[in-house]
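The values are calculated or read from the model by the stated rules, or taken from the named source; none is laboratory data. None of these values were measured; they are calculated from a predicted model. Cβ sites come from the backbone with ideal geometry, for glycine too, and all protein chains shown count toward neighbours. We work out accessible area using only protein heavy atoms, side chains counted, and drop any ligands, DNA or RNA first. Shrake-Rupley method; radii C 1.70, N 1.55, O 1.52, S 1.80 Å.
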Amino acid sequence: MGTISSAFSLISQGLDADQSALSIVANNVANANTPGYTEETPNWRENQPLEIDGVSYGNGVTETGATSSRDSVLVERLDQQQQLASASSARLTALNNVQALFTPDSGSTTSTAGDIGSDITKFFASFASLEAQPADNALRQDVLSTATTLSGDISNAAASLNSQRLALDQEATGVTSQVNSLTGAIAQLNQQIQAASPDADAGTLEDQRQQDLSQLSQLVGINQVRTENNGLEITTTSGQLLVSNGSSAQLTTGTVNGISDFFLGGADITSQLAVGGGELGGYLTARDTDIPGALASLDQLAFGISSAVNAQNNAGTDLNGVSGTAAAPLNIFTEPVEVAGSAANMSVVMTDPNQVAAAGPGDGTGDNSNAIAMANLAKQGLADGQTPTDYYSNFVTTLGSTVSGVQTENTAQNASVTQLQTQNDAISSVNLDDEASSLTTLERSYQAASQVFAMLNTIMASALNLGQDSTVS
């Protein structure tokens, strides 16, 4: 009777183990399409053998819970690559918007900021036309018209760049609330995981934490450090602490020189975040490097043209026989005080075409020597030692090269993300074919145990009836 009783106990344990494993498989199937869910596999532990008359007999197994099929090293690599791809993607979007300002629309000669290169050519060509008939009012008016178009397109481009920079500033500040929400959630999950499963896989709690980590890594560059009791510490890529087990630090913003800086624990970490990755890094790189660089180039161009043209016009004599003086200058453009801001402030201040000084100083109104000198400015190094046309062309080429480089970088990074995601899915995602196979195996095991249980029940009934045939229900 003791042996049969032990057999009943053994088979009961087997039924319980199979039932528990079946529940895990069923849960996998139910969550096959749940974002972030990691496949779980049952864990089996051999029970302590029984000893009877010095002989050991197997005592079955116990299902001890599930373990998620997770490769933490691979997952961290994926997070790191995602933060790089997110940074280059955000920067690329911003750069494409910048480039669109200086790219003529398809089928036309205009763009959002006009065709500045063509404007430069037409402006200096207007002086070449004036050479032939320096007293012609229409040609003088054309000088002011082309000057107005050139200055308007340059100042509009500068205004658009500043608007884009402010838009990026708003995008960047908007990220902070998302970052703070995620770091707070991760800290809370740390507490739950450390309390519920300090020494083993925490299942869906770890899935939730990893989902939050994945989202966080797309927003800001982070490093992850595993701590005791299955906890997690998160820092920025430059080492500032964001999460320490059950506590999180809040990222804040403050206005500095008209734009937002980012602070953690009172320290300004804007520059570190810019190079750290994630969307925030991409926004800040475009806001603080790419757009200021484009503005600086436009400022240099506007400063060079405005200063040289004004100086040359003041050196000649206008149609009224007047030359410019310090007290009464004959400026065509607003006179720039310094290079910075020259593009945004560039405008035509001359309203009377008679004030275009086509003649040389002291020469008659029919002279064209100063008009020739004005036209020749197009061939001089007015902007950083380059002609205006060459300077602008090089600026556009450099911008295009930067866009192309970031595009190539982003394509490679996204390909790497896809590759790592595929590898991770192969390990962690639920494979319904595998689950069907496991389900079949466990069902058969359960059925076999049930059959043995029925056989033991029959044997027991027969024994109780002293060998007489009996029916067991």
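Evaluate region 281-293: report whether one residue or more is more than 19 Å from the chain's Cα centre (by Cα) and of a type outside the set (S, T, N, Q). I'd like the intermediate steps shown before the answer.
Step one: list which residues in region 281-293 are more than 19 Å from the chain's Cα centre (by Cα), which gives 292-293.
When the remaining residues are screened for being of a type outside the set (S, T, N, Q), the result is 292-293.
Yes, the conditions are met somewhere in region 281-293.
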Yes/no for ALA328 being at pLDDT 95 or above, over 52 Å from the mean Cα position of the chain (by Cα), more than 20 Å from GLY152 (Cβ to Cβ) and not in a helix (DSSP H, G or I): no
Mind checking which pairs have a first residue in region 414-437 that is under 14 Å from SER72 (Cα atoms) and among the hydrophobic types (A, V, I, L, M, F, W, C) and a second that is open to solvent by less than 60 Å² (accessible area, probe 1.4 Å) and assigned to a helix (DSSP H, G or I), Cβ under 6 Å, 6 or more apart or different chains? LEU420/LEU78; LEU420/GLN81
SER450 - would you say it is closer than 30 Å to ASN31 by Cα, modelled with pLDDT under 90, among the small types (Gly, Ala, Ser) and open to solvent by less than 70 Å² (accessible area, probe 1.4 Å)? yes
Matching residues in region 129-161 - criterion: being closer than 13 Å to PRO353 by Cβ, in a helix (DSSP H, G or I) and charged (D, E, K, R): ARG140, ASP142
Go through (1) under 18 Å from ARG70 (Cα atoms); (2) outside any strand (DSSP E or B) for GLY239 and report which single condition fails. (1)
Residue count, region 233-262 (criterion: among the hydroxyl-bearing types (Ser, Thr, Tyr) and more than 20 Å from GLY278 (Cα to Cα)): 3
If you go through ALA302, ALA274, ALA286, ALA294, the only one that is open to solvent by less than 50 Å² (accessible area, probe 1.4 Å) and over 16 Å from ARG165 (Cα atoms) is ALA302
From the list THR351, THR325, THR334, THR317, exactly one residue is more than 30 Å from THR173 (Cα to Cα), polar (S, T, N, Q) and open to solvent by less than 30 Å² (accessible area, probe 1.4 Å). Which is it? THR317
Quick check on region 242-253: of everything there that is in a loop (DSSP other than H, G, I, E, B) and over 24 Å from the mean Cα position of the chain (by Cα), which residue is surrounded by the most Cβ atoms within 10 Å (Cβ to Cβ)? ASN245
Tell me, which residue of region 365-402 that is among the β-branched types (Val, Ile, Thr) and not in a helix (DSSP H, G or I) is least open to solvent (accessible area, probe 1.4 Å)? THR387
